[in-house]
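The values are calculated or read from the model by the stated rules, or taken from the named source; none is laboratory data. Only a predicted model underlies this, so the values are computations on that prediction, with no experimental measurement involved. Cβ sites come from the backbone with ideal geometry, for glycine too, and all protein chains shown count toward neighbours.
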């Protein structure tokens, strides 16, 4: 049975492998050494910024991740990745709800996120949860990433919709 827990330093190799595997599905490569350095020590990185980083573990293997950073005016969803074999089982939604609850308890009134335009399944999940798409940005990184921005109002309006 998979369990959700906060990330430890020992999880880093598996976290990097999971994200690299997901990136590879889209023809991309994870470059944690140069572009996503926070992934080399995600637990402390997120906690130092008021947030948290969680993993889902089953039989000693990391199968999913999610993080939340806390900013002055919002929470920011980061690193929602689910291993292919575990998709369509509700892990993306469960981890997103965990992150939303954390942000609400911290008094945040909205959640923002940026997601690669290639991650269409993630976009569907965010829309089902009540997120509104807001803008795009180019990262000018090694994967030529273009991202969509999404936002969710946590103050009452724009509550998540039920699963379809």
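Observations
- For the stretch 91-113, filtering for residues that are surrounded by fewer than 22 Cβ atoms within 10 Å (Cβ to Cβ) and either farther than 14 Å from residue 66 by Cβ or modelled with pLDDT under 95 (or both) leaves 7.
- Of the residues making up the stretch 100-126, those that are outside any helix (DSSP H, G or I), within 14 Å of the chain's Cα centre (by Cα) and over 26 Å from residue 84 (Cβ atoms) number 1.
- Those residues of the stretch 18-39 which are surrounded by fewer than 14 Cβ atoms within 10 Å (Cβ to Cβ) and assigned to a helix (DSSP H, G or I), in sequence order: 21, 24, 25, 37
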